[in-house]
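Peer 1: Before anything else, here's the structure in question.
The values are calculated or read from the model by the stated rules, or taken from the named source; none is laboratory data. Everything numeric here is computed off the predicted structure, so don't read it as measured data. So basically every Cβ, Gly included, is an ideal-geometry build from the backbone, and we count neighbours across all protein chains shown. These accessible areas exclude ligands, DNA and RNA; they are computed on the full protein's heavy atoms, side chains included. Shrake-Rupley method; radii C 1.70, N 1.55, O 1.52, S 1.80 Å.
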Amino acid sequence: MRDDLPRGTVTFVFTDVAGSTRLLQEHGDAYAGLLAAHRDVVRAALRRHSGVEVDTQGDAFFAAFTRASDAATAADEMRDGLRDGPLRVRIGIHTGEPLVTQEGYVGLDVHRAARIAAAAHGGQVVLSKTTRDLLDSDRPLRDLGEHRLKDLAEAERLFQLGNGEFPPLRTLDATNLPVAASPLLGREREVAELVELLGDRRLVTVTGPGGTGKTRLALQVAAELVGVVSDGVFWVPLGSLTDPRLVPTEIAQAIGAPDDLAGFVRGRELVLLLDNFEHLLGAAPAVAEILAAAPGLRVLATSRAPLRISGEAEFPLDPLDATSAVALFVERARAVGREVEPDATVEAVCKRLDSLPLAIELAAARTRLLAPEALLARLERALPLLTDGSRDAPERQRTLRSTIEWSYELLDEASRSLLARLAVFAGSFPIEAAEVVCKATVSELSSLVDLSLLKPVGDDRLLMLETIREYGLERLAESGEERTFRKRRASEFARLAEAAYNERGEAEAEWSSRLDRDHDDLRAALEWLSTEDPDAALELAGALGWFWFARGYLTEGDAHLGAVLSGTGGSERAWARALTASGALAARTGKVEEGRMRLEEAVGRWRGLGDHEETAAALEALGWLLVYDAGDDVASLAAFEEAQSIRQDHGDRAGETRALVGVCQVLVALGEAERAEALANELLRRGEDDLRTRHFASHFLADCSLLRGDCGAAEERYRESLRAALELGDVFETSVEVQGVAMAMAGKGESARALELAASVEALWRSLGTDMHVAFWDRLLERYLGAARSALGPDAEAARTRGLERSFEEAVALALEEPP
């Protein structure tokens, strides 16, 4: 054990050279000399200020100080001593009380100091709040806000030593903001005002006509708050939605709380950017409700009209000033390869475009082909002929429309046609779908991306800005092809839904995730088919039933299926499938008898069709309804055993396994733990390559352990099943596993935690519009949670209240004993 290491309260300093690999490549053999000089600077600072060199690896130093002030002074000297050379060190400082072992320092404080250093940039010194509190108040420090550091559960408030300007820290702050392809120009004042306004008001709406750059400005403001807001900054694009009722669902999906939005946001500090709200103003009361539920939530919205709810601050956005407009044009023109100077011609172009950012960007993209003089000439000739928008629309809107139309007219005929056809997609869309529906080639799509008419958004997907999409739809309608391509879009996504339906047994998690990404287009396809081709709508809704069920879209799915089943057309097969899906969803939303009747009718229709596989599937759905929702274990067992027999007779081993899952569930419900456990182990062997089967097998084994009173084994098995349910994306099964863990904890004497977990599931089910009561499960819950309530006495209700207020995400993390 080293005797020279400081004990007690110790301040750690970690340093390393930023970009060392690049520097080695640049300097070759000379790099060794640069590195040696760097070491001399670091070690001299350590000696002068009583620092102890704990370890050195490559270009990195780990040092310890008895006094935080000595560590900060030494860090200042290291940074300043290397300021003029090619090597820049990043330095992290943290103070704690580590353990000293034979190997040296151990503990979270050492880890935290290393992570702080890793978050810094070359030439930057970053320190924790613990260290900051030990320094003199006259040291120049900049508050960098709270940051999540890799591998550390809790956010850390970080500070910068000195006044240098650096990019945002390289931390893991929760955000889904897209990375800007280019800097925001000319809006510095607006950014500063909006950041300040959001500090005082909880709802700020940026308003203005299309093309003023509301979205880009709001994204920049949101980016400024990343790292400052403790629980994250999230972008919720709403342009593709048509139903205001789905706005809360979109918010929940964006922030990772698809099923318990109110619970998730309660107690958190979040900023939501609700983008393109103008066509969903009916959802404004829902936004007000979310704000009321979460005092730490702030909302930044973009809209052509204010939301008109209490507490809203409107921020009207004007076009750019003349200087900023010219700067934007020059920067965007240079980005496409045209060296442009800010002269009188560029000023005239910007003035002709009313200094609207979108109009300028579209025009600047054309400088790839046209010099500014030619561009101005074409604008002067074209725009007066193309101002055919509404006469009562503001001049800026007509000018923007003209600019988009002018950009459209400069495309070749094939690209014009493609742009209009691509407008049929709602939200982002996969490149593959564009190729199929619109006969697009990757080269053609790339050309539209280059001209800022399409935006790549990752995962081989593209996005068309709403303003351009609206224009494209007009052109598509004028072409007489709108119905053709809406039909082709519907056909493509119906094909996707059919493929998912047919392969859901082998790749459920993958298909569920894929359909979720394309949910906007699936909704739009179903809406269009409901009017144009009700029979096809019946087919599509039936194919999506399993997806709505698994993802927790219970109310939405039930409504869609109820609507398509109100018609009279459609094939017998389509009716049977839609009834199967509708029966399961109806039961889960509380309409048990209606669901039972629909499933029994579905079974009869499938039998009449002679479709053995679907008959068995419908019997299994009926079996689950009977055991879960109706409490009829005998009838449920009969349904599962008949399904098993059908599968067995037709050599369908995978299907037989699914039926056996139901049989095992009924055995558990009947309390036959020995038979159930044997069958569950058989399912575990059968489900080696099937996540869904493994999930159920682990769950049943946990149930059997719980029936025997072996709560330790039950807890581990429920956690295994919980992890599988999370991977499947199955919201309902996830909640059941959390209840299982709660019962196991209660049996181990962890009464308060058990009641909190159970209450969080109660809150989730309430938000889903379901309140399932299963007789055998309720008996288990009462056996274990009833004992927990008795053990806690008057404190039981307080534990339940904490659970009701806890987000379901937090409850899952608690059940897994992992950071949320």
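Peer 1: Tell me whether segment 249-263 contains one or more residues that are farther than 28 Å from F732 by Cα and not in a strand (DSSP E or B). Please lay out each step first, then the result.
Peer 2: So in segment 249-263, the residues farther than 28 Å from F732 by Cα come out as none.
Looking through segment 249-263, none of the residues is farther than 28 Å from F732 by Cα and not in a strand (DSSP E or B).
Peer 1: Kindly list the number of the only condition in (1) farther than 18 Å from L781 by Cβ; (2) in contact with a Phe, Trp or Tyr (Cβ under 6 Å, 6 or more places away or on another chain) that fails for A702.
Peer 2: It is condition (1) that A702 fails.
Peer 1: Can I ask one more? Just name the residue that is farthest from A71 (Cα to Cα) out of those in segment 13-44 that are within 36 Å of the chain's Cα centre (by Cα) and at pLDDT 90 or above. Spell out how you get there, then give the answer.
Peer 2: Start the filter on segment 13-44 by keeping residues that are within 36 Å of the chain's Cα centre (by Cα), which leaves 13-22.
Next, from what is left, pick out any that are at pLDDT 90 or above: 13-17.
Values: V13: 7, F14: 10, T15: 12, D16: 16, V17: 18 Å.
Step by step, filter segment 13-44, then rank; the result is V17.
Peer 1: If you scan segment 473-486, which residues turn out to be open to solvent by 60 Å² or more (accessible area, probe 1.4 Å) and in contact with a helix residue (DSSP H, G or I) (Cβ under 7 Å, 6 or more places away or on another chain)?
Peer 2: The one that is open to solvent by 60 Å² or more (accessible area, probe 1.4 Å) and in contact with a helix residue (DSSP H, G or I) (Cβ under 7 Å, 6 or more places away or on another chain): S479.
Peer 1: Okay, next question. Of the numbered conditions (1) farther than 30 Å from W511 by Cβ; (2) aliphatic (A, V, I, L, M); (3) within 34 Å of the chain's Cα centre (by Cα), L726 satisfies every one except a single condition; which is it?
Peer 2: (1)
Peer 1: Pairs under 7 Å by beta carbon, first residue more than 11 Å from L626 (Cα to Cα) and free of Cβ contacts under 8 Å to residues at least 40 places away in the same chain in segment 582-601, partner open to solvent by less than 60 Å² (accessible area, probe 1.4 Å) and hydroxyl-bearing (S, T, Y), six or more apart or different chains?
Peer 2: So the pair list comes out as R598/S582.
Peer 1: Let me ask something additional. Taking only segment 31-71 into account, find how many residues are of a type in the set (S, T, Y) and assigned to a helix (DSSP H, G or I).
Peer 2: Residues that pass the stated criteria total 2.
Peer 1: So, in segment 69-124, exactly how many residues are touching a residue at least 60 places away in the same chain (Cβ under 8 Å) and under 21 Å from D3 (Cα atoms)?
Peer 2: 12
Peer 1: A further question on this structure: Restricting to segment 229-241, name every residue that is at pLDDT below 85 and part of a loop (DSSP other than H, G, I, E, B).
Peer 2: The answer is S230, D231, G232, G239, S240.
Peer 1: Give the residue, chosen from G570, G604, G608, that is in a loop (DSSP other than H, G, I, E, B), farther than 29 Å from S735 by Cβ and not hydroxyl-bearing (S, T, Y).
Peer 2: G570
Peer 1: Please identify the pairs in which a residue from segment 767-791 that is at positive phi has its Cβ atom under 9 Å from the Cβ atom of a residue that is open to solvent by 10 Å² or more (accessible area, probe 1.4 Å) and not aliphatic (A, V, I, L, M), counting only partners at least 6 apart or on another chain.
Peer 2: Filtered contacts from segment 767-791: G769/T555; G769/D558; G769/R588; G769/T589; G769/G590.
Peer 1: Does A744 qualify as being small (G, A, S) and in contact with a Cys (Cβ under 8 Å, 6 or more places away or on another chain)?
Peer 2: In short, yes.
Peer 1: With E762, E688 as the choices, which residue is part of a helix (DSSP H, G or I), open to solvent by 20 Å² or more (accessible area, probe 1.4 Å), out of contact with any His (no Cβ under 8 Å at 6 or more places or on another chain) and acidic (D, E)?
Peer 2: Exactly one of E762, E688 is part of a helix (DSSP H, G or I), open to solvent by 20 Å² or more (accessible area, probe 1.4 Å), out of contact with any His (no Cβ under 8 Å at 6 or more places or on another chain) and acidic (D, E), namely E762.
Peer 1: Do we find that C664 is over 24 Å from E762 (Cβ atoms), out of contact with any Phe, Trp or Tyr (no Cβ under 9 Å at 6 or more places or on another chain), at pLDDT 90 or above and part of a helix (DSSP H, G or I) in this structure?
Peer 2: Considered against the rule, which asks whether it is over 24 Å from E762 (Cβ atoms), out of contact with any Phe, Trp or Tyr (no Cβ under 9 Å at 6 or more places or on another chain), at pLDDT 90 or above and part of a helix (DSSP H, G or I), C664 comes out as no.
Yes or no, residue by residue, for (1) in contact with a Ser or Thr (Cβ under 9 Å, 6 or more places away or on another chain); (2) open to solvent by 20 Å² or more (accessible area, probe 1.4 Å); (3) farther than 13 Å from R692 by Cα:
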residue: R717; (1), (2), (3): yes, yes, yes
residue: L722; (1), (2), (3): yes, no, no
residue: D730; (1), (2), (3): yes, no, no
residue: S735; (1), (2), (3): yes, no, yes
residue: V741; (1), (2), (3): no, no, yes
residue: A744; (1), (2), (3): yes, no, yes
residue: G747; (1), (2), (3): no, yes, yes
residue: E750; (1), (2), (3): no, yes, yes
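Peer 1: Name the residue that is surrounded by the fewest Cβ atoms within 10 Å (Cβ to Cβ), counting only residues in segment 778-809 that are part of a helix (DSSP H, G or I) and touching a Phe, Trp or Tyr at 6+ places or on another chain (Cβ under 8 Å).
Peer 2: Filtering segment 778-809 for residues part of a helix (DSSP H, G or I) gives 778-805, 808-809.
Filter once more, so that each one left must be touching a Phe, Trp or Tyr at 6+ places or on another chain (Cβ under 8 Å): 808-809.
Details: F808: 24, E809: 18.
Checking each candidate, the answer is E809.
Peer 1: Also, I was wondering about something else. Go through (1) at pLDDT below 90; (2) touching a Phe, Trp or Tyr at 6+ places or on another chain (Cβ under 8 Å); (3) open to solvent by 20 Å² or more (accessible area, probe 1.4 Å) and name the single condition G769 misses.
Peer 2: (2)
Peer 1: Same structure, new question: Of all helices (runs of 4 or more DSSP H) completely enclosed by segment 446-525, which ones contain at least 3 residues that are in contact (Cβ under 8 Å) with a residue 40 or more places away in the chain and within 30 Å of R692 (Cα to Cα)?
Peer 2: 482-503, 508-517
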